[in-house]
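See below for the structure under consideration.
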Amino acid sequence: MSVDAGTDQVDEPGWEVDPDDDWALAVIATVGRQLRLRREAAGMRAPDFAVAIGYGEDLVYKVEGGRRIPRPEYLDRADEVLTAGGLVAAMKEDVKKVRYPKKVRDLAQMEARAVELQLYDPVNVHGLLQTPDYARALFRMRRPRYAEDEIERGVAARTARKAVFERDPAPELGFVQDEWTLRRRLGGTDVVRRQLEHLLMLGRLPNVEIQVMPMDREEHAGVDGAIEVLKFEDGTAVGRSPGVANGRPVTDLRQVRILELRYGIIRAQALTPCESAAFIEQLLGET
């Protein structure tokens, strides 16, 4: 990434728009068009505007052409330069909705409506439980490697989903984690310690139950992989697991019941929430 002459911001501080995300494309195209019209109404050429807001000229053209998602600070600075009285900065709310990949938005929307979530992750600490540092370490393990901008976008998207813990009324949240996902030193000792402390904190919430599946269990109903079951106020539910419908979300009652059955057995085989908290404290002491 290059720095434009006379500016103090990198030339590529935005995010690419997913070409398959029609809604995001429409929103960003509208935001870009409004920015261009306001710039032209103010009598500013794109190169002069770029210098005034401290960003590269190439980025200005990309944002105005609907090809880049502007960061919040870009819109704040544009609002100041164009003396828009907060109207440009207000676009941050629209941009925020499309900042994350469509599949993440869809999942977050379902989590926001669910009254109960049953979640089992045998590979990593579940995304809703991850600290930003742990999530960042996970993204950095991906191969081929992600660019730093992609990593930060992924971390931001994962962090945004945690709004589910702040809902009122709060949904019931149940998590089961395999022991080895807590023992692995992903990201280093400091990252792991903070992650374990975070688990203990969340586990104290009255609507959250975190259980650990010990490695010494001779029976384990989770051999088919992760399980997600989200239940809604109207009595409907959606589930997902690699062992059912090839991992595609399912709403068929029979298939959801299968996932609920497996999750129920996994919970019975795991440590109780109190035993799990004591186990996590023990791991923390060993870290």
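Worth a mention:
- Taking amide H as placed 1.01 Å from N in the peptide plane, the amide H of residue 115 sits under 5 Å from that of 231, 232, 233, each at least 5 places away or on another chain.
- Each of 107, 66, 134 was scored by the projection of its Cα onto the charge dipole of the chain, and the greatest displacement toward the positive side belongs to 66; charges sit on the C-beta of Lys, Arg, Asp and Glu.
- Summed side-chain charge close to residue 89 - residues other than residue 89 whose Cβ falls under 13 Å, Lys, Arg +1, Asp, Glu -1: -1
- Neighbourhood net charge (15 Å Cβ-Cβ; Lys/Arg +1, Asp/Glu -1) for residue 193: -1
- Selected from 75, 261, 35 as most flexible by GNM, with the chain as the system and alpha-carbon contacts under 10 Å: 261
- Proximal aspartates and glutamates relative to residue 231, as straight alpha-carbon distance under 19 Å, when same-chain residues fewer than 8 apart are discounted: 106, 111, 116, 121, 166, 168, 172, 209, 252, 260
- Computed about the Cα centre, the dipole magnitude for the chain is approximately 360 debye when only Lys and Arg (+1) and Asp and Glu (-1) carry charge, each at its Cβ.
- Global geometry of segment 15-98, whether rounded, prolate or oblate, following the gyration tensor of its Cα atoms and the 1.5 cut on a/c: prolate
- Using the rule -39500 (n - 2.57) for each DSSP H run of four or more residues, divided by the residues of the chain, the 222 nm mean residue ellipticity is -14500 deg cm²/dmol.
- Of the residues 249, 268, 199, the one whose Cα sits farthest toward the positive end of the charge dipole of segment 172-274, with +1 on the Cβ of Lys and Arg and -1 on the Cβ of Asp and Glu, is 199.
- Highest-MSF residue in the chain out of 142, 185, 113 [GNM, Cα springs under 10 Å]: 142
- Ranked packing of 48-56, 89-97, 190-198, most packed first, by mean Cβ within 10 Å: 48-56, 190-198, 89-97
- For the peptides 65-72, 276-283, the ranking by packing is 65-72, 276-283, with the highest mean count of neighbouring Cβ atoms within 10 Å listed first.
Any read-out appearing in this document is the output of simple, stated calculations on the displayed coordinates, not a laboratory observation. Computed from a predicted structure; not experimentally measured. A quick note on method: Cβ atoms are made from the backbone with ideal geometry, for glycine too, and the neighbour counts reach across all protein chains shown.
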